[in-house]
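The values are calculated or read from the model by the stated rules, or taken from the named source; none is laboratory data. The structure presented is a predicted model; accordingly, all values stated were derived computationally and were not measured. When we count neighbours, we look across all protein chains shown, and the Cβ atoms used for this are built from the backbone with ideal geometry, even at glycine.
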Amino acid sequence: MEMREPTANVACSIWRHQSVTDGKRAVPVETAISFTYDGGSYAVMMATPQNLEDFALGFSFTEGLVSSSADIREFDIVEHDVGIELRMWLVEPRAAILSARRRYLAGPTGCGLCGMDSLHEAVRQPARVGNRQCFTQAEIMRALELLPPRQELNRQTRAVHAAAFWRPDSGLVAVREDVGRHNALDKLAGALLRDAMPAHTGMVLLTSRVSVEMVQKSAALGAPVIVAVSAPTALAVRTAEAAGITLVAIARDDGFEVFTHVQRIKHATEAVTHVA
């Protein structure tokens, strides 16, 4: 259930060729989205108010709060004047694990140990992605070619990121958009989980730069390859290397650059392993 429109038309002055006219522009809506679990607030994100069920599940999964949709026993979308609440109740033992985490976070603040733990959490090493899935250069270029026509919200606004999933047997199977690149990837994660689509069978496509969080979230899904149109950070490259993920970036019409685990990318004449 979507509570608000993802775009809004706003007035603007259009300056072209030394003339000025009044006009309107479609811009993305940015809304405060609150995640609450078992009656307690966990996080608030600024996001585009669409695909909220996917967002709730995907964020919960990449945060390590749930392992599947079955761990959420009840879910409601509650609209407030200042934003939208994604209200979830977890099954046991997930609820008990979250409760223990909350008790830990509610301990003394301002101490060195608490700060140190937060730093380690921020750069935590993801689980290693170890399958033998390979792709050709032509498949990567084809996947990139299919993405722009599916970015409906970006066509209207030119202001949102997309995260998508491509499989060799079925093409582009899911696309999610948001003003936040992390949000778009969380929404994609939720869509794949709800459809029971195993991420190890394809590639994650990103229209944004690749930061460490994007690698961590993709690793949580088990995606063997990330393809991004922009550049990675140094920490993202190190994390992808450690996670066993092939990181492809600067992906444009004329080619791309491979930063980690290049063995998964093959020429068209080479044998390619596609894992079901």
Residue count for region 254-276, restricted to those that are assigned to a loop (DSSP other than H, G, I, E, B) and either over 23 Å from the mean Cα position of the chain (by Cα) or closer than 19 Å to Pro126 by Cα (or both): 12
Condition check for Thr21: outside any loop (DSSP other than H, G, I, E, B), surrounded by fewer than 12 Cβ atoms within 10 Å (Cβ to Cβ), β-branched (Val, Ile, Thr) and outside the structural domain of Arg158 (by TED's automatic domain parsing): yes
Boolean, Leu65 is in contact (Cβ under 8 Å) with a residue 24 or more places away in the chain, of a type in the set (A, V, I, L, M, F, W, C), in a loop (DSSP other than H, G, I, E, B) and buried (at least 17 other Cβ atoms within 10 Å of the Cβ): yes
The listed residue being surrounded by fewer than 15 Cβ atoms within 10 Å (Cβ to Cβ), more than 13 Å from Cys134 (Cα to Cα), not assigned by TED's automatic domain parsing to the domain that holds Val66 and not acidic (Asp, Glu), out of Arg252, Arg209, Arg238: Arg252
Number of the exception - Ala26 against (1) surrounded by fewer than 20 Cβ atoms within 10 Å (Cβ to Cβ); (2) within 27 Å of Arg158 (Cβ to Cβ); (3) under 16 Å from the mean Cα position of the chain (by Cα); (4) among the small types (Gly, Ala, Ser): (3)
Some residue of region 189-196 being free of Cβ contacts under 8 Å to residues at least 40 places away in the same chain, surrounded by fewer than 17 Cβ atoms within 10 Å (Cβ to Cβ) and out of contact with any Ser or Thr (no Cβ under 6 Å at 6 or more places or on another chain): yes
Test: residue in region 57-66 that is within 13 Å of Arg4 (Cβ to Cβ) and in contact with a Lys or Arg (Cβ under 6 Å, 6 or more places away or on another chain): no
